[in-house]
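J.: So that we are looking at the same thing, I have put the structure below in structure tokens.
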Amino acid sequence: MPLDLLRLTTAGSVDDGKSTLIGRLLYDTKQVFQDQLDHVAEASRRRGGEGVLDLALLTDGLRAEREQGITIDVAYRYFATPKRRFIIADCPGHQQYTRNMVTGASTADLSVILLDARKGVLEQSKRHAFISALLGIPHLVLAINKMDLVDYSRERFEELVAEFDGFVEKLNPVASVNYLPISALQGDNVVERSERMDWYEGPMLLELLEGVEVAYDHPYDTPARFPVQWVIRPASASGSDYRGYAGQLASGALRVGEEIVVLPGGQQTRIAAIDTYDGEFDEALAPMSLTLRLEDDLDVSRGEMICRPDATPTVAREFYADICWLADQPLKAGGRYALKHTTRTASTVIDKISDKIDVHTLERSSAQGELELNDIGRVRLRTNTPLSIDPYRRNRRTGSFILIDEATNSTVGAGLIAV
Amino acid sequence: MWRRSTDGQAKPTHTGTVMSVVERPRLSHLQALESEAIHIMREVAAELERPVLLFSGGKDSIVLLRLAEKAFRPAPFPFPLMHVDTAHNFPEVIEFRDRRVAELKERLIVASVQDSIDAGRVVEETGPRASRNRLQTVTLLDAIAEHSFDAAFGGARRDEERARAKERVFSFRDDFGQWDPKNQRPELWNLYNGRVRKGEHVRVFPLSNWTELDVWEYIDSEQLEVPSIYFAHEREVFERDGMLYAWREGTELIDGESVFSETVRYRTVGDMSCTGGVRSGAVTLEEVVSEIAATRITERGETRADDRVSEAAMEDRKKAGYF
């Protein structure tokens, strides 16, 4: 049984109990260390919670967070069970920190969204589900928390499932959606099956996390994409004529002897060797980092893309993308930014903003002229150099880009290519 | 590391062989972490002008060196190595540091805290609890400025400490070397933004997503040499605040403390003045891995006095420019 890695993200509104849930997962899987526990016990006491272990304090890292009882930034947590290793990106629920949710969600394979059983489905919960689906996270888990505060009511649970299901139907399709009634505080259905909700027969949260398939499980179903990251060429004085193209295989598989094309130029040759420090391989699978040698002496540079000639991405200088806007200064038509896509950085100009998505109704309204912080909208961009792109829904690595404001060097936008 | 997998399956070895793709068309978690780290290192080499790799001789930076070999060989590293030397290091670690650098045929810069003291940049702490831990920050920032480094690789991991759990892989520092935890750049997919202006730099942590156990499993699978203090050995120690510190000539004891001999090993490599040993009988890598897998105390909680100063000790030092 391979030990593999699941990246998941947790999101919810303020006070939905995210930090408590993560604390519970760590605690019940025996991943909390004695000194951390002592620390939490002491901090809980200081905050007046005599005798109660505030598990949320396990994950709140910064002083302001502990003082205000909120989560400001994405915190990463690690735990393992005999079946799997997990990386949790714990995302803040505040509206103003939605950009951090995008940060935490961009690489996740599974998204846990928390609802407070008393408060029901809030706009923020919908926003998080929408962002999860938009970012192509294949597995969505709705954890309906604080069931202890609604007397473990099956009716309330089913009511919320029905309400949320109506919303989920309108989202980008995901591989799986699961609804779980839990109490992170009491530990029901997180790691241990709840005896107080015998009406629930589905999986517990940890069971789900251990079982879902992760990205890269099917490398043969995705076309190979190898963005050249770094050219390895020892100084000629060393007497070596080695020239290798290093990078991380973004998707798919490559084999020695295979015909390849280098984009955007279009030169064709074959793979002479797949090198790693540990020796040569006949085949490489995503997401391996490796170095390719090519049969012909082509001049390939960082930012070019190596792929199979029968399954190429689109080479374009104009395309549409959904942009999540992450900066205070709004995005306007005519704006110029640096655009980083795979290992290539281009200059881009925003041609037009064609619509904006209302995350509540999921309707696209016609353009308002600009996108403000936390807005998501469809945009047409032009670049000064051609990019080798795939639609984001088919390839998260070659379908994504970031926008950088060259005046401030800030990352201001996250782009999901729509072509 | 392709030679052994963590689940014990026989793996083909070395040159000219194929991964066992039929049985298992996916990478193990260590292979995935390794690949991610190599990608991060190559991004820095490609996008920043003057990177440096901080090498302390500790286990995390030993892993960084192996990852750099994997990222850049057969060429030399596109950056030098740098050690911030407090002169309070374990001699075994310094000996190891110099030997490893010589084996790699790479360039090592030593930035000395003693020089900072001599130049009046910092003032030595006094008393039995004196440590040069805080002083290192000044030496580090001065060295970064002197060499105009715009990126510094560090071996920090997010599982180490609460504030580190919030830090990005590419962690921006302003021209005072400060970390602003409330204003970090969004970090999406594997698209890192390392842009800096003159005087600013990024700290880059390729091991962000590794745990202490991952590091040891990797050291074991790669059969990397580590300084001898990581294995159980007999040493003259004294007990303070529940931790066992190495005694050396000149150490001031506080009333009631005494020096005795104990079999210990170290989980972290820091200054002798602030790094405690743990009682242990682990003398092989495999025994260390089993010990770490079974431990109930975090490495910094067990062995680092520098984190015990206050609830936010690490956060405060990081804001000031610490590693």
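J.: Go through the residues of the range A:244-251 one by one and say whether even a single one is more than 9 Å from chain B (Cβ to nearest Cβ) and of a type outside the set (G, A, S). Write out each step before concluding.
T.: Residues of the range A:244-251 more than 9 Å from chain B (Cβ to nearest Cβ): A:245, A:251.
Next, from what is left, pick out any that are of a type outside the set (G, A, S): A:245.
Yes, the range A:244-251 has at least one match.
J.: Any idea how many residues of the range A:214-231 are open to solvent by 50 Å² or more (accessible area, probe 1.4 Å) and without any contact (Cβ under 8 Å) to a residue 60 or more places away in the chain?
T.: 3
J.: Would you call A:L208 under 21 Å from the mean Cα position of the chain (by Cα), among the aliphatic types (A, V, I, L, M) and over 30 Å from A:P309 (Cβ atoms)? Outline the logic, then answer.
T.: Values: under 21 Å from the mean Cα position of the chain (by Cα): yes; among the aliphatic types (A, V, I, L, M): yes; over 30 Å from A:P309 (Cβ atoms): yes.
In short, yes.
Yes/no per residue for (1) surrounded by 15 or more Cβ atoms within 10 Å (Cβ to Cβ); (2) within 14 Å of another protein chain (Cβ to nearest Cβ):
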site: B:D220; (1), (2): yes, no
site: B:E252; (1), (2): no, no
site: B:F260; (1), (2): no, no
site: B:I297; (1), (2): yes, yes
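J.: When the range A:276-306 is examined, which residues are found to be within 14 Å of chain B (Cβ to nearest Cβ), more than 17 Å from A:T342 (Cα to Cα) and open to solvent by 20 Å² or more (accessible area, probe 1.4 Å)?
T.: A:T276, A:Y277, A:E280, A:D282, A:R293
J.: Going through the range B:207-228 one residue at a time, which ones are within 15 Å of B:A293 (Cβ to Cβ) and part of a helix (DSSP H, G or I)?
T.: Listed by number, the residues that qualify are B:E212, B:L213, B:D214, B:V215, B:W216, B:E217, B:Y218, B:I219, B:D220, B:S221.
J.: A further question on this structure: Could you list, in sequence order, all residues of the range A:167-188 that are open to solvent by less than 20 Å² (accessible area, probe 1.4 Å), touching a residue at least 40 places away in the same chain (Cβ under 8 Å) and outside any helix (DSSP H, G or I)?
T.: Matches in the range A:167-188: A:L171, A:P181, A:I182, A:A184, A:G187, A:D188.
J.: Which condition number does B:V110 fail, the rest of (1) closer than 17 Å to B:S273 by Cα; (2) β-branched (V, I, T); (3) part of a strand (DSSP E or B) being met?
T.: (1)
J.: Quickly run through the range A:380-402 and pick out the residues that are under 22 Å from A:H128 (Cβ atoms) and of a type in the set (A, V, I, L, M, F, W, C).
T.: Initial filter on the range A:380-402 (under 22 Å from A:H128 (Cβ atoms)): A:392-393, A:396, A:399-400, A:402.
If the condition is that a residue be under 22 Å from A:H128 (Cβ atoms) and of a type in the set (A, V, I, L, M, F, W, C), then A:I402 is the only one that fits.
J.: Just wondering, is there one or more residues in the range A:238-245 that are buried (at least 19 other Cβ atoms within 10 Å of the Cβ) and either in contact with a Pro (Cβ under 7 Å, 6 or more places away or on another chain) or part of a loop (DSSP other than H, G, I, E, B) (or both)?
T.: Kept after step one, since they are buried (at least 19 other Cβ atoms within 10 Å of the Cβ), are these residues of the range A:238-245: A:244-245.
Cutting the leftovers down to either in contact with a Pro (Cβ under 7 Å, 6 or more places away or on another chain) or part of a loop (DSSP other than H, G, I, E, B) (or both) gives us none.
No; the residues of the range A:238-245 include none that is buried (at least 19 other Cβ atoms within 10 Å of the Cβ) and either in contact with a Pro (Cβ under 7 Å, 6 or more places away or on another chain) or part of a loop (DSSP other than H, G, I, E, B) (or both).
J.: What residue, among those in the range B:111-140 that are open to solvent by 20 Å² or more (accessible area, probe 1.4 Å) and of a type in the set (K, R), is farthest from B:G250 (Cα to Cα)?
T.: Looking at residues that are open to solvent by 20 Å² or more (accessible area, probe 1.4 Å) and of a type in the set (K, R), I get B:R121.
J.: Please list, ordered by residue number, the strands (runs of 3 or more DSSP E) wholly in the range A:274-345 having 2 or more residues that are outside the structural domain of A:R393 (by TED's automatic domain parsing) and free of Cβ contacts under 8 Å to residues at least 60 places away in the same chain. Give the derivation first.
T.: Details: elements: A:279-281, A:283-285, A:289-294, A:305-307, A:314-325, A:336-341.
Output list reads A:279-281, A:283-285, A:289-294.
Rundown of residues vs (1) open to solvent by 50 Å² or more (accessible area, probe 1.4 Å); (2) in a loop (DSSP other than H, G, I, E, B), yes/no style:
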{"position": "A:T361", "(1), (2)": "yes, yes"}
{"position": "A:N374", "(1), (2)": "no, yes"}
{"position": "A:T383", "(1), (2)": "no, no"}
{"position": "A:P386", "(1), (2)": "no, no"}
{"position": "A:R397", "(1), (2)": "no, yes"}
{"position": "A:I402", "(1), (2)": "no, no"}
{"position": "A:A407", "(1), (2)": "yes, yes"}
{"position": "A:A414", "(1), (2)": "no, no"}
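J.: Could you tell me whether the range B:116-126 includes any residue that is touching a Leu at 6+ places or on another chain (Cβ under 8 Å) and closer than 29 Å to A:Y242 by Cα?
T.: No, every residue in the range B:116-126 fails to be touching a Leu at 6+ places or on another chain (Cβ under 8 Å) and closer than 29 Å to A:Y242 by Cα.
J.: Quick one: which of B:A71, B:A37 is facing chain A (nearest Cβ under 9 Å), out of contact with any Pro (no Cβ under 7 Å at 6 or more places or on another chain) and aliphatic (A, V, I, L, M)? Show your work before the answer.
T.: Numbers: B:A37 fails: out of contact with any Pro (no Cβ under 7 Å at 6 or more places or on another chain).
Matching residue, one of B:A71, B:A37: B:A71.
J.: Also: Mind checking whether some residue in the range B:23-43 is modelled with pLDDT under 95, open to solvent by less than 10 Å² (accessible area, probe 1.4 Å) and outside any helix (DSSP H, G or I)?
T.: Yes: one or more hits.
J.: Let me ask you something else. Please find, among A:A272, A:A235, the residue that is away from chain B (no Cβ under 11 Å) and surrounded by fewer than 17 Cβ atoms within 10 Å (Cβ to Cβ).
T.: Numbers: A:A235 fails: away from chain B (no Cβ under 11 Å).
Result of the check over A:A272, A:A235: A:A272.
J.: I need the full set of residues from the range A:316-355 which are open to solvent by 50 Å² or more (accessible area, probe 1.4 Å) and either touching a helix residue (DSSP H, G or I) at 6+ places or on another chain (Cβ under 7 Å) or of a type outside the set (F, W, Y) (or both), in order please. It would help to see each step written out before you state the result.
T.: The initial filter retains those residues of the range A:316-355 that are open to solvent by 50 Å² or more (accessible area, probe 1.4 Å), namely A:317-318, A:320, A:328-329, A:332-333, A:336, A:345, A:347, A:352.
A:R317, A:E318, A:D328, A:Q329, A:K332, A:A333, A:R336, A:T345, A:S347, A:K352 - these are the residues of the range A:316-355 that are open to solvent by 50 Å² or more (accessible area, probe 1.4 Å) and either touching a helix residue (DSSP H, G or I) at 6+ places or on another chain (Cβ under 7 Å) or of a type outside the set (F, W, Y) (or both).
J.: Shifting gears a bit: Here are some conditions: (1) at the interface with chain A (Cβ under 10 Å from one of its Cβ atoms); (2) open to solvent by 30 Å² or more (accessible area, probe 1.4 Å); (3) of a type outside the set (K, R). B:L191 meets all but one. Which one does it not meet?
T.: (2)
The values are calculated or read from the model by the stated rules, or taken from the named source; none is laboratory data. None of the values given here were measured: they were computed from a predicted structure. Heads up, the Cβs are rebuilt from the backbone with ideal geometry, glycines too, and the neighbour counts pull from every protein chain shown. Note: accessible area is taken over every heavy atom of the protein model, side chains too, but ligands, DNA and RNA are not part of it. Shrake-Rupley method; radii C 1.70, N 1.55, O 1.52, S 1.80 Å.
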